[in-house]
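Structure record follows, encoded as structure tokens.
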Amino acid sequence: MKRREFLKAGALVVVGTAAATSGVVGLATASGGAPQLTTLEPHQGETLLKMTRRVFPHKQLDDGPYWSVVRDIDAAAKGDSTVAKLISEGVETLDAAGKRFVDLTEKEQTAALKKIEATPFFQKVHSVELQSLYSDPAVWKVLGYQGPAYKFGGYIRKGFNDLTWLPDPPESASPKPA
């Protein structure tokens with residue numbers, strides 16, 4: 001193997017190892033990246049992306065699920081001019097600190113969000129994100145959540161009816177499912 005081929009192969013191993021050990025799982029949006037926004041401006045979308053990453057930070061998620069949240073906020077704004085105005089004014093508030101919110105450090109972004117956490121803007125983004133992010137089965141898989149138990153007969157039938165992890169559990173504490 002020539003030196004050039006060796007270096008090229010080594011670089012691919014380093015990139016592959018970095019990707020495999022980063023712990024970040026790619027969950028691209030349906031469009032493969034940033035969603036097409038119908039109501040929000042691109043800067044508003046980017047600001048909401050950064051905001052949603054700060055509100056519910058999961059390092060093992062890439063931007064895909066967070067872009068889905070932004071897409072849902074955009075859809076809410078499209079159907080309701082009050083929501084569109086709320087989002088627009090909220091982004092302006094976040095940018096009013098002398099620097100655009102997207103240009104702040106993570107620590108500065110968190111501090112800026114703490115200042116507005118009681119506002120209707122924050123509460124709207126928070127509620128949409130809560131519903132959008134945590135109702136995504138792809139996100140569940142990455143976070144290790146097996147999904148709702150009702151599909152499988154409830155938690156008793158999923159194996160949570162036993163106390164085998166205790167040293168000497170009484171039989172009454174681990175009834176057999178009917």
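The values are calculated or read from the model by the stated rules, or taken from the named source; none is laboratory data. Keep in mind it's a predicted model, so treat the numbers as computed, not measured. In this analysis, Cβ positions are derived from the backbone assuming ideal geometry, glycine residues included, and neighbour counts consider all displayed protein chains. Side chains are part of the model used for accessible areas, which takes the heavy atoms of the whole protein and leaves out ligands, DNA and RNA. Shrake-Rupley method; radii C 1.70, N 1.55, O 1.52, S 1.80 Å.
Each residue of segment 52-64 in order: what ³J(HN,Hα) in whole Hz does its phi give by Karplus 6.51 cos²θ - 1.76 cosθ + 1.60, θ = phi - 60°, with x for Gly and Pro?
So the J values, rounded to whole Hz, are 5, 5, 6, 5, 10, x, 10, 5, 7, 9, 7, 6, x.
Using +1 at the C-beta of Lys and Arg and -1 at the C-beta of Asp and Glu, which of Pro167, Ser88, Thr38 has the Cα lying farthest in the positive direction of the dipole of segment 34-178?
Pro167
Student exercise: in segment 41-177, how many lysine pairs 8 or more apart or on different chains have Cα atoms under 18 Å apart?
Lysine pairs meeting both conditions in segment 41-177 amount to 19.
If DNA, RNA and ligands are ignored and the probe is 1.4 Å, what is the ranking of Lys114, Lys59 by accessible area, most exposed first? Let's see the in-between values first.
Details: Lys114 130, Lys59 170 Å².
Largest to smallest exposure gives the sequence Lys59, Lys114.
In terms of modelled amide H atoms, which long-range or inter-chain residues lie less than 5 Å from the amide H of Leu61?
Val25
Which net charge results when you count Lys and Arg as +1 and Asp and Glu as -1 among the other residues whose beta-carbon is under 13 Å from that of Ala77? Write out the running numbers ahead of the final one.
Numbers: positive: Arg71, Lys78, Lys85, Lys124; negative: Glu41, Asp72, Asp74, Asp80, Glu89.
Summing Lys and Arg as +1 and Asp and Glu as -1 gives -1.
Can you pull out the chymotrypsin sites (Phe, Trp or Tyr not before Pro) in segment 48-151 whose DSSP state is coil and whose Cβ has at most 12 other Cβ atoms within 10 Å?
Here the chymotrypsin sites (Phe, Trp or Tyr not before Pro) that fit, given the DSSP loop and packing criteria, are Tyr145.
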